[in-house]
Amino acid sequence: MNKTDMIPHFTHHILCIGAGYVGGPTMAMIAHKCPQYRVTIVDINPERIAQWNSDRLPIYEPGLDEIVKAARGRNLFFSTDIEKGIQESDIIFVSVNTPTKTFGVGAGMAADLQYWEKTARQILESATSDKIIVEKSTLPVRTARAMERILFSTQNGVRFEVLSNPEFLAEGTAIQDLEQPDRVLIGSRQTESGLKARSTLEEVYANWVPQERILTTDIWSSELSKLVANAFLAQRISSINAIAALCEKTEADVSQVAKAVGMDARIGPKFLNASVGFGGSCFKKDILNLVYICRYYGLNEVAKYWESVVEINEYQKEHFVMTMLSAMFNTLAGKRIALFGFAFKADTGDTRESPAIYIATRLIEEQADLVITDPKALVNAKADLKGVEGKVQFVEDPYEAAAGSHAIAILTEWRQFRELDYERIYRSMEKPAFIFDGRNVVDHTKLYQLGFNVYPIGKPVLTHL
Ligand code: NAD
Ligand code: UGA
């Protein structure tokens, strides 16, 4: 008897279109928590599907391997047959990418909805029975209206109900976030059929999420809340980074300021770590999208306010490069610099919009020789810097990266980097040896005592020079 025979009847056939950072983990969690459902994930990219079906999953996420491998072939399936997937399912999540548009009207700001619209048309073409369509991707407010216009254009009697169910997981903690979400948000039309579809989706999550954490709203509020949540999170980082720059001028310590400010229960302590800047595929794109929508509605001051969150982030990355340049006697040409970390945050191999890409490119412009080390992101780092002219090496071992270097720049807060033997590293480096801690993760006083010239973010510099 094979595994499927043990579950004779699936109560829902769930499909997810888009096997990416969101589609893969989210559906794996549903399959894990709900053995009574059959969950299929499809993608236009056959390589990605082959990886999901292999021992080496296409994304690194702590805890993901275990739940995928346990459910795969039982009630979790990865496939390229999108048409069949659509036909067999009653609930379809759409989790395709919605990047910033690079061409035409709204280039550099608006969301590029071409992948989104293609899935809508494909659903329309292939569906032979009624479906609930769930917007999982992050979308401009009022996208559901466009989706409905496409889907409702059919004359074949098939009925669709569109729901908004944005995803709030963060990379590196996706499994934990999915297992114990702060909230699950479901937006629907307030019609009889809309409310019925909404309760069907609520039942799916209620298999493991407590009822009080499932929040239901109208569909536009749900779509907009996702953009706003990301804008607020990014705003906190830009706020603390702006204050870090002021700390550097006034000998205040940004960690102490963040602690004092964050202890106010109205402000809260999370997401106040000053850094080299935020990265990731979403913050910048979602804020720019929000800015674009505000401008579209003529709200220019509102647009400007949110745009400044991105501007401070750009400033922060350049400020880090300028700190390195001026500390190292205004020339980096021919100097070996070790970049510790390339991922946009720890516990992921993802490098999309990583501040490391900007910083590496700028250091190469200054003719520095780069040696990049990262526990999970070297493959992506190579792809990101392909075509950039200059000397760049990629090495697994941070000790090898540091040996012979003039400086280390810590760009990702990997735990491994806190635990290195910095005495050994110091001995192997050119002198004077510099360390630029773009994440404030190492013990600055200890490194100074070892002989390093230490440049944290938003704290007094510790230098022997
Ligand atoms: P991704 O690029 O990793 O995955 C998207 C997948 O969709 C790709 O594999 C692509 O091949 C596939 N695809 C595109 N068009 C398709 C089509 N017509 N048919 C079938 N497959 C198609 O993107 P992601 O990071 O998973 O993000 C997806 C959405 O979720 C975005 O809107 C993003 O803003 C949002 N989001 C992402 C995160 C995150 O942490 N990455 C978190 C919350 C929300
Ligand atoms: C973020 C949000 O946290 C998720 O809720 C959201 O679902 C997701 O975007 C999305 O829509 O894609 P993610 O980008 O994966 O998740 O990771 P975060 O933990 O938010 O970190 C984003 C960036 O901010 C990283 O570069 C991180 O290093 C940086 N950061 C974070 C700081 O510089 N300081 C902090 O205090 C926190």
Checklist entry - What percent does the relative contact order of segment 181-267 come to when contacts are Cα pairs within less than 8 Å and at least six residues apart? => result 27
Checklist entry - Roughly how much of R418 is accessible, in Å² to the nearest 10, using a 1.4 Å probe? => result 120
Checklist outcome for this item: T445 and R418 label points (each 7 Å along its Cα→Cβ direction) are spaced in nm at 1.7
Next on the checklist: So if I take the centroid of the Cα atoms in segment 6-79 and the same for segment 390-427, what is the distance between those two points in Å?
Outcome noted: 36
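Ranked by accessible surface with a 1.4 Å probe, highest first, in what order do M429, M263, M322 come? It would help to have the intermediate numbers written out before the result.
Details: M429 10, M263 150, M322 85 Å².
My answer, sorted largest first, is M263, M322, M429.
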Checklist entry - So, in Å, what gap is there between the alpha-carbon centers of segment 300-326 and segment 171-185? => result 29
Checklist outcome for this item: The rounded separation in angstrom of the Cα centers of segment 121-153 and segment 362-389 is 40
Item to check | Antiparallel DSSP beta bridges within the chain, percent to nearest 5 | outcome: 5
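Can you classify segment 284-363 as rounded, prolate or oblate using the Cα gyration tensor, where a ≥ b ≥ c are the square roots of its eigenvalues, rounded means a/c under 1.5, and otherwise it's prolate if a/b beats b/c and oblate if not?
On the way: a/c = 4.05, a/b = 1.90, b/c = 2.13.
Since a/c reaches 1.5 but b/c is at least a/b, the shape of segment 284-363 is classed as oblate.
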Checklist outcome for this item: With the 8 Å Cα cutoff and a minimum separation of six or more residues, the chain has a relative contact order in percent of 11
Next on the checklist: With the crude spin-label approximation of a point 7 Å out along Cα→Cβ, what separation in nm comes out for E83 versus F329?
Outcome noted: 6.9
Checklist entry - Put +1 on the Cβ of each Lys and Arg and -1 on the Cβ of each Asp and Glu in the chain; which of F278, S238, P58 then has its Cα farthest toward the positive end of the dipole? => result S238
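State whether segment 300-408 is rounded, prolate or oblate according to the following rule on the C-alpha gyration tensor (a ≥ b ≥ c being the square roots of its eigenvalues): a/c under 1.5 gives rounded; otherwise a/b larger than b/c gives prolate, and the remaining case gives oblate.
Values: a/c = 2.22, a/b = 1.41, b/c = 1.58.
It is oblate, given that a/c is not under 1.5 and a/b is not larger than b/c.
Give the relative contact order (percent, whole number) for segment 68-128; include only Cα pairs under 8 Å separated by 6+ residues. Please report the intermediate quantities before stating the final value.
On the way: 40 pairs, mean separation 19.5, N = 61.
It rounds to 32 percent for segment 68-128.
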Item to check | Where labels lie 7 Å past Cα in the beta-carbon direction, separation of H13 and N53 in nm | outcome: 1.8
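List the longest stretch of the chain that has no exposed loop site; here a site is one of the chymotrypsin sites (Phe, Trp or Tyr not before Pro) assigned by DSSP to anything other than H, G, I, E or B, with at most 14 other Cβ within 10 Å.
Numbers: sites that count: F103, F152, Y297, F329.
Result, exposed sites excluded: 153-296.
Could you tell me the calculated FRET efficiency between L462 and V379, based on Cβ-Cβ distance and R0 = 41 angstrom, to the nearest 0.05? The partial results should precede the final answer.
Details: r = 35 Å, r/R0 = 0.85.
Given R0 = 41 Å and the Cβ-Cβ separation, E is 0.70.
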Item to check | Cα gyration tensor, segment 59-155 - rounded (a/c under 1.5), prolate or oblate | outcome: oblate
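The values are calculated or read from the model by the stated rules, or taken from the named source; none is laboratory data. Computed from a predicted structure; not experimentally measured. Neighbour counts are summed over all protein chains in view; Cβ atoms, including those assigned to glycine, are modelled from backbone coordinates with ideal geometry. Surface accessibility is based on the protein's heavy atoms, side chains included, excluding ligands, DNA and RNA. Shrake-Rupley method; radii C 1.70, N 1.55, O 1.52, S 1.80 Å.
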